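The values are calculated or read from the model by the stated rules, or taken from the named source; none is laboratory data. Just so we're clear, the structure is a prediction, and the values are computed from it rather than from any experiment. Note that each Cβ is placed from the backbone with ideal geometry, even for glycine, and that neighbours are counted across all protein chains shown. Ligands, DNA and RNA are excluded from the accessible area calculation, which covers all protein heavy atoms including side chains. Shrake-Rupley method; radii C 1.70, N 1.55, O 1.52, S 1.80 Å.
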Amino acid sequence: PEFLRPDGETAHRHRDEYVRHCGKNAERRERGQAVIYFDHAATTLQKPPVVGQAMLAALQTAGNPGRGAHEPTLHAARIVYDTRTALAELFHAEDPACIAFAANATQALNTAIGGLLSPGDHVIATVCEHNSVLRPLYRLREQGVQLSFVGVDDRAILRYEQFEQLVRPNTRAIVVTGASNVTGHATDLPFVAQVAKKHGLLLLVDAAQTAGSLPIDVQALGIDVLCFTGHKGLMGPQGTGGLYVRPGLRVAPLVVGGSGVHSFAEAHPAEMPTALEAGTLNAPGLAGLGAGVRWLLEQGVEALHTREMALTRSFWEGVREIPGVVLYGTLAAPRAPIVSLNLAGEDSARVADALWEEYGICVRAGAHCAPQMHRALGTVEQGVVRFSFSHQNTEAEVQCAVKAVRALALEE
């Protein structure tokens with residue numbers, strides 16, 4: 001839960017409710033009652049069994065990758081390399097060495113943004129961005145980096161003509177989300193990539209909501225840096241993520257230190273992926289991530305996305321005619337499996353609380369760390385209730401959610 005309201009005042013009630021909700025969750029499990037989980041845009045809950053199995057095996061067998069020549073450390077190094085290889089295949093990267101690991105997409109984005117931009121550079125971003133993009137950019141703005149933001153129209157779709165209009169002589173990069181974590185609208189990356197290529201700009205993509213959920217070909221799109229997290233569409237555990245860096249592009253590291261190589265050099269190694277991986281890697285977490293990615297490759301991202309979108313459309317169609325329900329965005333736009341709504345003027349947190357307490361449905365309410373998107377939607381005070389779907393969900397669960405929204409709307 002978000003313990004801070006949009007106006008910045010501490011909501012102690014939310015902390016109390018969070019504690020109570022944890023208790024209710026335990027009670028539901030004890031009574032054998034189903035929990036319907038529609039919060040996959042925050043973290044995918046139901047992982048393929050192979051993910052946990054791989055993590056447990058690594059905990060018991062993996063040493064420190066790249067820090068020796070005995071079997072436990074070599075085994076850990078193989079785990080790390082195999083996960084790089086799986087991700088390179090998933091993203092169509094040129095080489096596994098293009099993949100560097102981080103703790104999450106936030107760390108990856110801080111690395112890329114801070115490692116590529118300098119005072120005097122101009123950057124184009126969008127109002128759809130998450131704070132993991134916005135706050136690193138705002139910090140750089142204090143150091144002399146200039147920012148411009150592409151807006152959205154009345155359907156919450158990016159005004160793509162503004163990308164070209166905002167280009168300046170000192171523009172260095174375009175930073176965009178793969179899909180809004182509020183509306184679910186996917187960014188037209190081929191269009192943005194064309195603008196970037198035309199003007200010789202770097203293209204950085206935040207794929208937190210799209211990696212593993214939508215097909216991504218970094219070479220075909222001309223993406224210079226792709227930042228991803230492991231615990232959402234990639235089916236991996238929390239504490240995993242990373243970034244793809246185009247060959248030949250050097251990103252200054254966010255962290256320097258031990259690398260297992262060139263120990264007597266004063267400077268951190270410049271070769272990828274070591275350049276961006278100071279310190280001991282999370283071998284058990286990466287074992288789980290690798291298992292999740294290989295599972296995705298076996299299933300096919302396109303096939304899984306088709307299932308997710310069928311659930312998304314079913315929910316959208318089920319709630320759109322309910323009196324008092326306000327939907328954000330449009331189902332016609334290419335999208336991630338996300339639907340955000342409100343019930344008339346009701347506080348989104350109260351709706352999310354009722355969905356959980358009365359129906360056992362897990363959603364996320366509030367600002368979703370995307371302040372500019374909420375300003376554009378006019379939902380700064382109210383927030384939105386976000387339903388996010390996975391191929392692990394069922395049509396029966398969707399229909400339960402539709403009935404719950406209808407019942408709550410009728411109470412208003």
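Cβ-Cβ below 6 Å, separation at least six or inter-chain, first residue in segment 385-410 and free of Cβ contacts under 8 Å to residues at least 12 places away in the same chain, second part of a helix (DSSP H, G or I): which pairs?
As it stands, the answer is none, since no pair meets every condition given.
Return the residues of segment 390-412 that are closer than 19 Å to residue 350 by Cβ and part of a loop (DSSP other than H, G, I, E, B); say none if nothing qualifies.
Hit for segment 390-412 is 412, nothing else.
Among 80, 127, 133, which is of a type in the set (Val, Ile, Thr), within 19 Å of the chain's Cα centre (by Cα) and under 30 Å from residue 300 (Cβ atoms)?
Of 80, 127, 133, the one residue that is of a type in the set (Val, Ile, Thr), within 19 Å of the chain's Cα centre (by Cα) and under 30 Å from residue 300 (Cβ atoms) is 133.
In segment 303-317, which residue that is among the polar types (S, T, N, Q) and open to solvent by 20 Å² or more (accessible area, probe 1.4 Å) is farthest from residue 66 (Cα to Cα)?
314
Which pairs have Cβ atoms under 7 Å, sit 6 or more apart or on different chains, and link a residue in segment 281-305 that is of a type in the set (Asp, Glu) to one that is modelled with pLDDT of 95 or more?
Listed by first residue and then by second, the contacts come to 302/215.
Pull up segment 105-124, narrow it to residues that are under 19 Å from the mean Cα position of the chain (by Cα) and surrounded by 21 or more Cβ atoms within 10 Å (Cβ to Cβ), then point me to the one that is nearest to residue 250 (Cα to Cα).
112
What are the residues in segment 233-273 that are in contact (Cβ under 8 Å) with a residue 12 or more places away in the chain, open to solvent by 40 Å² or more (accessible area, probe 1.4 Å) and of a type in the set (S, T, N, Q), if any?
238
Considering segment 330-382 alone, what residues qualify as being touching a Ser or Thr at 6+ places or on another chain (Cβ under 9 Å) and among the β-branched types (Val, Ile, Thr)?
330, 338, 339, 363, 379
Just the residues that are within 24 Å of residue 367 (Cα to Cα), at pLDDT 55 or above, open to solvent by less than 40 Å² (accessible area, probe 1.4 Å) and of a type outside the set (S, T, N, Q), please, taken from segment 9-67.
Correct list: 36, 37, 38, 39, 40, 41, 42.
Quick one: would you say residue 311 is under 21 Å from residue 38 (Cα atoms) and in a loop (DSSP other than H, G, I, E, B)?
no
Is there any pair linking a residue in segment 323-347 that is of a type in the set (Lys, Arg) to one that is in a loop (DSSP other than H, G, I, E, B), with Cβ under 6 Å and at least six apart or on different chains, and which?
Final answer for the pair search is 335/184.
Which residues, counting only those in segment 358-384, are touching a residue at least 24 places away in the same chain (Cβ under 8 Å) and at positive phi?
Of everything in segment 358-384, those that are touching a residue at least 24 places away in the same chain (Cβ under 8 Å) and at positive phi turn out to be 360, 366, 368, 369, 383.
For segment 211-232, which positions are part of a loop (DSSP other than H, G, I, E, B) and either touching an Asp or Glu at 6+ places or on another chain (Cβ under 9 Å) or surrounded by fewer than 24 Cβ atoms within 10 Å (Cβ to Cβ) (or both)? Lay out the reasoning, then the answer.
So the first thing to find is which residues in segment 211-232 are part of a loop (DSSP other than H, G, I, E, B), and the list is 212-213, 215-217, 222-224, 230-232.
Passing the criteria: 213, 215, 216, 217, 222, 223, 224.
Return the residues of segment 274-302 that are more than 19 Å from the chain's Cα centre (by Cα), open to solvent by less than 50 Å² (accessible area, probe 1.4 Å) and within 15 Å of residue 391 (Cβ to Cβ); say none if nothing qualifies.
Passing the criteria: only 300.
Out of 263, 259, which single residue is over 25 Å from residue 193 (Cα atoms), in a loop (DSSP other than H, G, I, E, B) and in contact with an Asp or Glu (Cβ under 9 Å, 6 or more places away or on another chain)? Outline the logic, then answer.
Numbers: 263 fails: in contact with an Asp or Glu (Cβ under 9 Å, 6 or more places away or on another chain).
259 is the lone residue from the list that is over 25 Å from residue 193 (Cα atoms), in a loop (DSSP other than H, G, I, E, B) and in contact with an Asp or Glu (Cβ under 9 Å, 6 or more places away or on another chain).
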